[in-house]
Every structure is written in structure tokens, then in C-alpha cells.
Amino acid sequence: MASLNKVMIIGNLGNDPEMKYTQSGSTIANFSVATSERWKDKNGEQQEKTEWHRIVAFEKKAELVEKYLKKGSSVYIEGKLQTRNWEDQNGGGKKYATEIVLFMLEFLDKKEAGNSGGPDDAARQDTNGMYPTSTNSEAPGMNF
């Protein structure tokens, strides 16, 4: 039986990316993205619910995240869900974290005239602003 593990979200960064570097020199970026939905309840009052998503990026994507994203940045993310587990160092038992492993990133903020705060025009033109994963080596343990 076939299966699919794919996530697509559009939202805003809730914090500046946190960068980590492994002993082997690999780059890892962790950040959170908020997605919101709005509706009117049965009384006609506006309601809103926000979900927070943990995102992890590896290697070149992590470097792009570090260079161009900050708190409040609007992004389109594609990736896969991954759950990690570990033992709490304070004896609190097993801990779990579910996160989205970044495959593709699109910057959604509008580029202002004279602002060089985003990817250069050549990069945007060549990739349409999207940065897909080219190999599985960027995200260890991922097999497709």
C-alpha cells in the first residue's frame, strides 16, 4: 500500500530562526510558523484559532533561512512530518516533538523598491522563489 507524508503551510515566522551547527559542520535551522483560521460562530462573532508549527531545515536551506527570514516573515513551506523522541535529562521520562522537515521554501513577503532584504532577482527568476531539496543528503534519514 502506498503512503504519503507531505505538509504544505503558509504562515508567518513567530521568532527569528535558531541556528545550530553540528560537529561535522552541518547547518541546522529551527523556527516556528503560525497559521491561522478565522470563522464566524453561530452567534455571528468573529473567531480565530492559531496553530504553531515547528520547522527544521538542513544545510543550504538552513543557510537561506538564516540569511533571509526573521520574525514576522511570510513563507510557504513544504515538507514532511517527523516525530523525534528522547529521554528527559531531569528524569521526566520520554519526550516527543513533532516537526516539519523543510523540503521547499518560498518567500512571500513583497520586495520593496530598493530593498535588498531578500534573495536576489536572479535567484528568484531561476527558481521562481522556491528552493526545492535536490538530494536526500541535506536531511539525514530521509529516504524516498
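Each reported figure results from applying straightforward, stated rules to the coordinates on display, with no laboratory input. The structure presented is a predicted model; accordingly, all values stated were derived computationally and were not measured. Virtual Cβ from ideal backbone geometry, glycine too; neighbours counted across all protein chains shown.
Quick look at the values:
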quantity: Over the stretch 28-89: Kirkwood hydrodynamic radius from C-alpha pairwise inverse distances, Å; calculated: 14.4 Å
quantity: Proportion of all alpha-carbon pairs of the stretch 1-45 beyond 14 Å (%); calculated: 71 percent
quantity: Karplus-derived 3J(HN,Hα), 6.51/-1.76/1.60, for each residue of the stretch 18-34, Hz, glycine and proline x; calculated: 9, 9, 9, 10, 7, 4, 7, x, 6, 9, 10, 10, 10, 7, 10, 10, 9
quantity: Amide H contacts under 5 Å for residue 73, placed H, 5+ residues apart; calculated: 13
quantity: Taking 94, 61 and counting other C-beta atoms within 10 Å, the order from fewest to most; calculated: 94, 61
quantity: Residue list for the stretch 43-84, given a label point 7 angstrom along the Cα-to-Cβ vector of residue 18 and an amide N cut-off under 12 Å; calculated: 54-56
